[in-house]
1. Once ligands and nucleic acids are excluded and a 1.4 Å probe is used, how much of CYS66 is accessible, expressed in Å² to the nearest 10?
2. Taking H placed 1.01 Å from N in the peptide plane, check which residues at least 5 places from LEU102 or on another chain put their amide H under 5 Å from its amide H.
3. Considering the Cα positions of the range 111-207, please state its Rg to one decimal place and its Dmax as a whole number of Å.
4. Which trypsin sites (Lys or Arg not before Pro) from the range 175-276 combine a DSSP loop assignment with at most 15 other Cβ atoms within 10 Å?
5. Counting only pairs 8 or more places apart or on different chains, how many lysine pairs in the chain have C-alpha atoms closer than 22 Å?
6. Once you have the alpha carbon radius of gyration of the range 172-298, what is it after dividing by 2.2 N^0.38 Å, with N set to its residue count?
7. Quick one: accessible surface of VAL170, probe radius 1.4 Å, all protein chains present, in square angstrom to the nearest 10.
8. First compute the accessible area of the range 12-293 with a 1.4 Å probe, then give the percent of it belonging to carbon and sulfur atoms.
Amino acid sequence: MQSEPTSTTRTLGDLLSPLAAQAEAALAQYLPEEASPEALTAGMQYCVEGGKRLRPALVYLAYNACGGGDDELAARCAAAIEMVHVYSLVHDDLPAMDDDALRRGRPTAHVKFGEAMAILIGDALLTRAMAAIAERGTASAALCVAELATGAGCSGMVAGQVADMELCEVADGLEGLESIHRRKTAALLVAALRMGALAAGASEAQLAALTTYGEKLGLAFQVFDDLLDVTASAAELGKTPGKDAAGGKQTMASLLGLDGAREFGERLTADAVAALAPLGGASEPLTLLAEYLTTRRN
Ligand code: GRG
């Protein structure tokens, strides 16, 4: 007889799949807008399919860790953060940016629908995300919109992308790379956690703990992403591997070496977990998530 998986043998999928099911339901409910042209809605839906649903999971886990409260707001935030994430992937894959043909194991949006439609699908996902939260109509919802816009915008993810594309000045070496990762990757994870916490009416201390966790987790996530770019296959990743090295881009792997980058990622993960202390036992799934992310293959 096969034994039940223990907490140490469970995979990232085991932890994320119930939360992913919640995210699917939230996306099905909050992505479509009645007056949107059918072709646009279909394009948006194509692009959100697949993916690990990591950011919605962070919304739900932070929400639960802070004791819950407004389930509908949490669901709206979970759908919204995935829409913003997917918009960023669609735009990042465009010829003017990373020019990639493969995403989530399928043709990218511009390959499938043409460049103009891909830009518009991204625009629609970003704006629909903000409306999906704001429509809740509460003060907490307004705070969540601000969190998401800040994490995604000109001091967060977009700023990180501008720096990554060398469209502004960036410091050399590790300092510069970390400043890119903090904005391009970590800012959206922080927004996911803070929105989940706000939907639960979290205290300032809980928000601060989750913010530090998200910052460290985001940096660690990107370190492991850099490693996967070197060590994983296209079949595992569902996107083109080896692009960083081919483009002569600085990454954690090129700066620190594979072993050094792994050690750095593990240290950041330990720092993320340590930041959860004020939340007590309720944050254990966030600890498990951080630890599982060190072993992910996609
Ligand atoms: C175009 C404004 C704009 C931003 C682009 C998301 C992004 C910023 C670039 C994509 C490339 C990249 C390495 C981003 C860092 C964040 C990251 C690792 C995204 C991939 O996230 P996963 O692994 O993807 O959670 P899935 O498909 O599982 O959701």
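The values are calculated or read from the model by the stated rules, or taken from the named source; none is laboratory data. Here the structure is a predicted model, which means the values were calculated and not measured. Neighbour counts are summed over all protein chains in view; Cβ atoms, including those assigned to glycine, are modelled from backbone coordinates with ideal geometry. For the accessible areas, the whole protein counts, side chains as well, though only heavy atoms, and no ligand, DNA or RNA atoms are used. Shrake-Rupley method; radii C 1.70, N 1.55, O 1.52, S 1.80 Å.
1. 20
2. For LEU102, the qualifying residues are THR108, THR240.
3. Expressed in Å, the Cα Rg and Dmax of the range 111-207 come to 15.8, 47.
4. On the way: sites: ARG182, ARG183, LYS184, ARG194, LYS216, LYS239, LYS243, LYS249, ARG262, ARG267; in loops: LYS239, LYS249.
Of the trypsin sites (Lys or Arg not before Pro), the ones in loops of the range 175-276 whose Cβ has at most 15 other Cβ atoms within 10 Å are LYS249.
5. 12
6. 1.10
7. 50
8. Whole-percent figure for carbon plus sulfur exposure: 55.
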